[in-house]
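**Q** Pasting a structure here, questions to come.
Bear in mind that the values in this text are calculations on the coordinates, not laboratory data. Bear in mind that the values here come from a model prediction, so they are computed numbers and not experimental data. Here the Cβ positions follow ideal geometry from the backbone for every residue, glycine too, while neighbour counts run over all protein chains shown.
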Amino acid sequence: MTVPVHSVVASVVSPLQSVLAAIPDPDPIPLPAPTELLTFLLVVTFLLHLVPMNYVLGGSLLMVLSYARARRAAGETARHHRRLIEVLTRAFPATIAFTITLGVAPLLFVQVLYGPLFFTSSILMAWPWLGVIGLLLLGYYAAYWHAYQHTRLGVAASWVALAVALAFLVIAFLFVNNFGLLQNPEVWRPLYLSDRRGLHLYAIWDGSVFPRYLHFVFAALALTGLAVAGVAAGRGGREPEFSRWGMGYGARWFIGATLLQMGSGIWFVARQPARIRNALLGASPQDTLLLAVAVGCALVAMGVLVPSDRISARRLYLASAAIGVTVILMAVLRQRIRTMWLDPYFRTEQLSVASQWGAILLFLILFLAGVLLVGWMVREFFREGRS
Amino acid sequence: MNYPIWDLPILGGGVLIGSIAILHVFVSHFAVGGGLFLVLTERKAYRDNDPQLLAYLRTHSTFFVLVVLVFGAVSGVGIWWSIGLVSPAATSTLIHVFVWVWAMEWAAFFTEIAAAFIYYHGWDRLSRREHLTVGWIYFGAAWLSLFQINGILTFMLTPGRWLTTQALTDAFFNPTMWPSALVRTAVAVALAGLYALVTASIASPTEHRERLTRYAAKWLLTGAVAIPVGGVWYIASLPPLAREMSMGGAPAVTIFAGLTILFSAFLVALVFVSAYLYPRSFNIGLALIAVVIGLMTTGVTEWVREAVRKPYIIYGYMWSNSIRVADQRALREQGLLPRAKWTAVSDASTSSQLQAGEEIFQVACQSCHTVHGYNGIQLMVKGWSRPLIRYSLDHLDELKGYMPPFVGSRAEREALADWLRSLAGPVSASATETLARRLRLPPALVARLPGEPPLGAPVAERGTP
């Protein structure tokens, strides 16, 4: 039952009919909500997930970097980096918790909308996909360990920080793999028939996975840079020197990583199938516009923060707002690109729908109640004069 | 068969899901009960003006956060990962029926996580009243989350009227939903006491430790009293076949059901004597022994709960091999392979019999059986003659109540029988007779099945191309 690997490569492009035959039939139970609503919630909750996720990925990388710099640099710079490690590490337990919590919802909506694709791609890479859970436990506990013990750990602290960063880097890679594989049913059957043990790492077969992965990593670094600048700005009163340094350091990371981000973006677009590349570059006006506005906002955000040694809170707000628009548009564009990839094989609008309006309403009420309760708790926690 | 089947040798998918799920259950019920424990104990500490008790609670809340927020949350996600990999069709069904219940559970989940953080970091930042309120918010959200997941879990065993109405309310408020919610709530209270015994056992000074130990033991004993009440109600609400299986119908299931009672009774006795009556002698070693017994109890109980659902994964709707009951007739007529999307061969009559047989095994049997490992089929058919294998395939559901019927075409049945025969080794008369006795078939009947040499005679390998 084993097929040699080279024949897998040869058969990667199969005729449409046989590709369609391999896609699992949609569930006979209709979708419990209109596809537009589910897609909307998918994109919105994915955006919510991105906020802490970017911090976890980018922050753990910056922390490792700060360890390296603190060791090599002298005097003031080293002190600032050590201070930055303090600031970064404290937020990890909560941000990891919310990365997971806010990640549950988009994964739920992916499964209901794209179940036949998602379950299949996950099974093809079952072991690496299951590895996400182990790595998450490892990275999470290591982050706690680092947050509470790094002063006592001495030199070992930097290794713990490295373990955290590596765990999340690999997790991100596995996610990009799965969601790349999900939208490319052409390769499924040959991969599966070559080996059924769930060991496939798809990135090897598709040139668009690596740039997509880098696109996420650079985004995380850029947004964490901005967050660092923001946190540093808030410390102007108590630690003016660190504040000034941190704003500049964060802004430089933001600008540098955003430039890299654009490079990986160009690479990503170049690696798309021709029909998608063309759509993004003019053939589909609305997608081209989305892309152009998103890139434009990123340029504005970068421009606002140059020169990076004289950052004000106002300029930070402006840059955050502009890059916020970019992130939102990019999440929408990501969904559009997925739809385009899948267009020949799978269209969510063809799924049957029997909406459970009562349950949808109840969800909205509970969601609102949850947001209000969390809002109240957070407000009480951070109320003026409490430390 | 709609989805590719993850080939998980030796271990099998069930063991994978089970090992993640048991650990999760053991922690997630603590996440609920432990919340109630924290908030009620905190209130007691304020009322009694007891700074020692408050100091203990702070330590206990660190332990709580490390266990619940990290392991509890990640292992919960882990169950989701593993069921999607092992039983995608059933997972898809559940998601389609319950996506909004899960979405509601998500709302409870993020409230719960936020409350846990604020409770943990808020000992000095919030007023007593606010801190208690945050604790109650935590417990309310955590219990709501249990309640919602409980509705989905019980649906799998007792979908009740949903089978005809397809209505979400029927699916959620199914026949075992309430009794199971009661049992799980009681288990949560008991586990809160069990985990508290661990932190209590290392508290100091001695008098304080004794007091705490006895207090924690009360929690466990209170939960333990309520469990049987809900348990009897739960068992009374089970489908007759499931009840029968746990009470003698299927020996392994009955043994495990017995172990559940035995372990629980032992745990209660141990805690009552060592922690409640003689708290002075209680120590961390005993606490850890109690935790291990608690984990074993959780393990066997969850195993029984899963086992009694057989031969279904969703009772009356989907067989345990992910084949829908409604598709059965069509599959019997057209065969499994032509409709299976992920097999290398699509027709048993034109392909190599053994290859077809192996593919059919993957599609129809592998969700419960491995070849050589857990629930391994090779050992099960060892020494079986082909007629016996063939006869079993015709009567799977009658011979073994916990197995679904074989639903492939005639040619597929032959191909599967050939492949199984190729695993079975030399025919052993005693194996066949033992089995015939166990299945309550007269050995003569087995011998008289047509087309095969009599029992005990050497049988040439058949069907090898």
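**Q** As a check on your grasp of the helix formula, calculate [θ] at 222 nm for the protein assembly as shown: sum -39500 (n - 2.57) over DSSP H runs of n ≥ 4, divide by the residue count, round to the nearest 500.
**A** After summing the helix terms and dividing by residue count, I get -24000 deg cm²/dmol.
**Q** At a Förster radius of 41 Å, what calculated FRET efficiency corresponds to the Cβ-Cβ distance of B:Gln328 and B:Ala265, to the nearest 0.05?
**A** Efficiency, rounded to the nearest 0.05: 0.45.
**Q** So how do B:Val232, B:Val25 line up by other beta-carbon neighbours within 10 Å, fewest first?
**A** B:Val232, B:Val25
**Q** While we're here: Rounded, prolate or oblate: pick one for chain A, where a ≥ b ≥ c are the square roots of the eigenvalues of its C-alpha gyration tensor, a/c under 1.5 means rounded, and failing that, prolate if a/b is larger than b/c, else oblate.
**A** Prolate, since a/c reaches 1.5 and a/b exceeds b/c.
**Q** Give the shape of the protein assembly as shown as rounded, prolate or oblate, defined through the alpha-carbon gyration tensor: a ≥ b ≥ c are the square roots of its eigenvalues, a/c under 1.5 means rounded, and otherwise the shape is prolate if a/b is larger than b/c and oblate if not.
**A** Verdict is oblate for the protein assembly as shown.
**Q** What relative contact order, as a whole-number percentage, does chain A give when Cα pairs under 8 Å and 6 or more residues apart are counted?
**A** That works out to 21 percent.
**Q** Choose one of A:Ser194, A:His215, A:Met302: the residue whose Cα lies farthest towards the positive end of the charge dipole of the protein assembly as shown (beta-carbon charges +1 Lys, Arg; -1 Asp, Glu; about the Cα centre).
**A** A:Met302
**Q** So what's the net charge close to B:Gly316: Lys and Arg +1, Asp and Glu -1, counting the other residues with Cβ under 12 Å from its Cβ?
**A** Around B:Gly316, the charge tally is +3.
**Q** Sum up the charges of everything whose Cβ sits under 14 Å from the Cβ of B:Asn2, counting Lys and Arg as +1 and Asp and Glu as -1, but leave B:Asn2 out.
**A** +1
**Q** What ranking of B:Tyr317, A:Tyr114 emerges when the number of other C-beta atoms within 10 Å of each C-beta is taken as an exposure proxy, fewest first?
**A** Lowest to highest Cβ neighbour count: B:Tyr317, A:Tyr114.
**Q** Run through the stretch A:311-350 and list the trypsin sites (Lys or Arg not before Pro) located in a DSSP loop whose Cβ has at most 12 other Cβ atoms within 10 Å.
**A** A:Arg347
**Q** Checking the a/c ratio against 1.5 first, then a/b against b/c, what shape does the Cα gyration tensor give for the stretch B:108-233?
**A** oblate
**Q** So, one more: Between the stretch B:100-151 and the stretch A:65-85, how far is it from one alpha carbon centroid to the other, in angstrom?
**A** Between the Cα centre of the stretch B:100-151 and that of the stretch A:65-85, the gap is 38 Å.
**Q** Taking H placed 1.01 Å from N in the peptide plane, check which residues at least 5 places from B:Met318 or on another chain put their amide H under 5 Å from its amide H.
**A** For B:Met318, the qualifying residues are B:Ile313, B:Val325.
**Q** Which net charge results for the neighbourhood of A:Gly180, defined as the other residues with beta-carbon distances under 13 angstrom from its beta-carbon, given Lys and Arg at +1 and Asp and Glu at -1?
**A** +2
**Q** Partner chain Cβ atoms within 10 Å, averaged over the residues of A:362-375 - can you pull that number for me?
**A** Mean inter-chain Cβ contacts per residue within 10 Å come to 6.
**Q** Can you return the lysines within cross-link range of B:Lys310? Criterion is Cα-Cα under 21 Å, with same-chain partners fewer than 8 residues away left out.
**A** Of all the lysines, those that pass the test against B:Lys310 - Cα under 21 Å, at least 8 places apart if same chain - are B:Lys400.
**Q** Collect residues whose amide H, placed 1.01 Å from N in the peptide plane, falls under 5 Å from the amide H of A:Leu31; neighbours closer than 5 in sequence don't count.
**A** A:Ser352, A:Val353, A:Ala354
**Q** At a Förster distance of 35 Å, what's the computed FRET efficiency of A:Thr288 paired with A:Glu349, Cβ-Cβ distance as r, to 0.05?
**A** 0.95
**Q** Could you list A:Tyr148, B:Tyr3 so that the one with the fewest beta carbons within 10 Å of its beta carbon is first and the one with the most is last?
**A** Ranked by crowding around the Cβ, least crowded first: A:Tyr148, B:Tyr3.
**Q** How shielded is A:348-361 by partner chains, expressed as the average number of their Cβ atoms within 10 Å of its Cβ atoms?
**A** So the per-residue partner count for this stretch is 2.
**Q** Give me a single rounded figure for A:187-195: the average over its residues of other chain Cβ atoms within 10 Å of their Cβ.
**A** Mean shielding by partner chains, rounded to a whole number: 2.
**Q** Continuing with the same structure: Which of the lysines could be linked to B:Lys218 by a straight reach, that is with a Cα gap under 18 Å, when you skip same-chain ones fewer than 8 residues away?
**A** B:Lys44
**Q** How tilted is helix B:410-424 with respect to the longest principal axis of chain B? Cα atoms for both, answer in degrees (0 to 90, nearest 10).
**A** 80
**Q** Another question, then. Identify which of A:Ser284, A:Ser158, A:Ser264 has the largest mean-square fluctuation in a Gaussian network model of chain A, with springs joining Cα atoms closer than 10 Å.
**A** Ranking A:Ser284, A:Ser158, A:Ser264 by mean-square fluctuation puts A:Ser284 first.
**Q** Which whole DSSP H helices in chain A pass both tests: a Cα extent of 18 Å or more along the axis and a mean Kyte-Doolittle value no lower than 1.0?
**A** A:35-72, A:92-124, A:156-182, A:209-233, A:285-304, A:357-381
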